[in-house]
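Working notes for the structure below.
Just so you know, all these numbers are worked out from the coordinates, no wet-lab data involved. Computed from a predicted structure; not experimentally measured. Cβ coordinates were reconstructed from backbone atoms using ideal geometry, including for glycine residues, and neighbour counts include every protein chain displayed.
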Amino acid sequence: MRIHVDSEKCQGHNRCKALAPDLFELDDFGYASAAADGSVAPGMEEKARLAVNNCPEFAIEIVEE
Ligand code: SF4
């Protein structure tokens, strides 16, 4: 599983980072991107889904591999 943040949609609420800090990075303005290459480590899938479901902009996508 991988996550991807659509930078066009992200508004920098930081909910994703608060819910799954290992999976997201923030830039200087608070906009999020996937940490590293977006890979979700085993055991982190639920946190990834939690972040997706709590993003008010629907900016986070899960890519199943
Ligand atoms: S919760 Fe959504 S809109 Fe907010 S920083 Fe994360 S990806 Fe961006």
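Grab the DSSP H runs of the chain that are 4 residues or longer, score each as -39,500 (n - 2.57), total them, divide by all residues and round the 222 nm result to the nearest 500 deg cm²/dmol. All intermediate terms of the calculation are to be shown ahead of the outcome.
On the way: 2 runs with 15 residues, N = 65.
It comes out at -6000 deg cm²/dmol, rounded to the nearest 500.
Hand me the GluC sites (Glu not before Pro) from the stretch 7-54 located in a DSSP loop with no more than 13 other Cβ atoms within 10 Å, in residue order please. Before the final figure, lay out each step's value.
Details: sites: 8, 25, 45, 46; in loops: 8.
Listed in order of number, the matching sites are 8.
Rounded, prolate or oblate: which fits the stretch 2-63 when a ≥ b ≥ c are the square roots of the eigenvalues of the alpha-carbon gyration tensor, with rounded for a/c under 1.5 and prolate only if a/b beats b/c? Show your work: numbers first, answer last.
Numbers: a/c = 1.56, a/b = 1.41, b/c = 1.11.
It is prolate, given that a/c is not under 1.5 and a/b is the larger ratio.
Please give the charge dipole size of the stretch 2-63, origin at the Cα centre, charges +1 on K and R Cβ atoms and -1 on D and E Cβ atoms. Round to the nearest 20 debye. Show your work: numbers first, answer last.
Numbers: 6 positive and 11 negative charges, 46 e Å.
It works out to roughly 220 debye.
With θ set to phi - 60° and the Karplus curve 6.51 cos²θ - 1.76 cosθ + 1.60, what are the ³J(HN,Hα) couplings of the stretch 36-47 in order, to the nearest whole Hz, using x for Gly and Pro?
Once rounded to whole Hz, the list reads 6, 9, x, 5, 9, 5, x, x, 9, 4, 5, 5.
Provide the per-residue ³J(HN,Hα) series for the stretch 59-65, in order, calculated from phi with Karplus coefficients 6.51, -1.76, 1.60 and θ = phi - 60°, each as a whole number of Hz, with x at glycine and proline positions.
Coupling constants for the stretch 59-65: 8, 9, 10, 9, 10, 7, 10 Hz.
Over the chain, what is the relative contact order in percent, taking alpha-carbon pairs closer than 8 angstrom and at least six residues apart?
On the way: 112 pairs, mean separation 30.8, N = 65.
This gives 47 percent for the chain.
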